[in-house]
Amino acid sequence: MTTQADYLEQLTPENAAVLFIDNQTTLTLGVQSIDLTVLKTNIEGLARLARMFELPVVLTTTGGGADGASGGLLKGITDAFPEADIVNRTGILNAMDDPRFAAAVEATGRRKIILSGITTDFCLVYPALSLIAAGYHVFVAVDASGSWTSGINDAALQRLIQAGATPTNVQSIFGELQNSAMNADADTAKGRLPQIMEWLGSYTPAPSIIGENFAAQQA
């Protein structure tokens, strides 16, 4: 069971994992709860963030994956994790009901699970509820997930929050991970600044907030 102490504990590179659930090329085209370009940018940003902080990831598709009607995973995910296995499901709506996926999640050894999924009300909500029931602390990356309408998406998020999930977003995830990394090992965290600057410059909608001297000021 997730306790109050669990909710207050921040994400760290040592306690978190990311699950990308059915973020597929054709399936994503039906999303209307968020601008499609913004959604894809956020999903890619989360994938690159997971790579940068060396978080374990679990990838899954529905409908047979690249060979099915829903298409393969978005390129931003597979580019970040070209070596990762993909659990291709057919007929199993809740990814956690697939023994291969459930085993891969358990194998991460992490109890804080960040979710990105399409759609929020279908592919994401079912495994999220199963993860919560199993005692995981679930974080939903709301800006890296989406559904057919804003109303449908909001209802799914409300259900998940009611069940104990924590809503968050990609930039907030970055902030928690970097802050935790600085507290644990400042030299290593500062050594990651060039990667961070490159990530911020390609991901944030307002790169001007960074400023030319930002990295030097943080060193």
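The values are calculated or read from the model by the stated rules, or taken from the named source; none is laboratory data. If you're wondering where the values come from, they're calculated on a predicted model, not measured in any experiment. Note: ideal-geometry Cβ built from the backbone for every residue, glycine included; neighbour counts use all protein chains shown. All accessible areas refer to the heavy atoms of the entire protein, side chains included, with ligands and DNA or RNA removed. Shrake-Rupley method; radii C 1.70, N 1.55, O 1.52, S 1.80 Å.
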request  = May I ask you to evaluate 6.51 cos²θ - 1.76 cosθ + 1.60, the Karplus curve with θ = phi - 60°, for each residue of region 41-53 and list the ³J(HN,Hα) values in order in whole Hz, giving x for glycine and proline?
outcome  = 4, 5, 5, 4, x, 5, 4, 5, 5, 4, 5, 5, 9
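For PHE174, PHE20, give me the order by solvent-accessible area with a 1.4 Å probe, most accessible first, ignoring ligands, DNA and RNA.
PHE174, PHE20
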remark   = In degrees, nearest 10, the alpha-carbon axis of helix 193-203 is tilted away from the dominant principal axis of the alpha carbons of the chain by 50 degrees
request  = Calculate the dipole size of region 86-215 relative to its Cα centre from +1 charges on Lys and Arg beta carbons and -1 charges on Asp and Glu beta carbons; express the result in debye to the nearest 20.
outcome  = 260 debye
ask   = Heavy-atom accessible area of ARG48 with all protein chains present, probe 1.4 Å, nearest 10 Å²?
value = 60 Å²
ask   = Hey, how much of the P(r) for the chain falls beyond 27 Å, as a percent of Cα pairs?
value = 29 percent
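What is the Å³ per residue value for the convex hull set by the Cα atoms of region 1-106? It would help to have the intermediate numbers written out before the result.
Working: hull volume 13.8 nm³, N = 106.
Per residue, the Cα convex hull of region 1-106 comes to 131 Å³.
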ask   = Once the dipole of the chain is set up with Lys and Arg at +1 and Asp and Glu at -1 on Cβ about the Cα centre, which of GLN195, LEU73, ILE132 lies farthest towards its positive end?
value = ILE132
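If you roll a 1.4 Å probe over the heavy atoms of the protein chains, what accessible area per residue do you get for the chain, in Å²? Let's see the in-between values first.
Values: 10130 Å² over 219 residues.
For the chain, the solvent-accessible area averages 46 Å² per residue.
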remark   = For region 22-170 the mean separation of alpha carbon contacts under 8 Å (6+ apart) over residue count, i.e. relative contact order in percent, is 28 percent
Rounded percent of accessible protein surface that carbon and sulfur make up, the chain, 1.4 Å probe = 52 percent
inquiry  = Just to check, using Stokes-Einstein with a Kirkwood Rh over alpha carbon pairs, what's the diffusion coefficient of region 140-183 at 37 °C and 0.692 mPa s in µm²/s?
reply    = 283 µm²/s
Dipole magnitude of the chain, debye to nearest 20 (Cβ charges: Lys/Arg +1, Asp/Glu -1, about Cα centre) = 120 debye
message = Less than 19 Å apart at the alpha-carbon level, and either on another chain or at least 8 residues along: which lysines does that give for LYS40?
response = LYS75
remark   = Neighbours of LEU36 by Cβ distance under 13 Å: Lys/Arg at +1, Asp/Glu at -1, summed charge -2
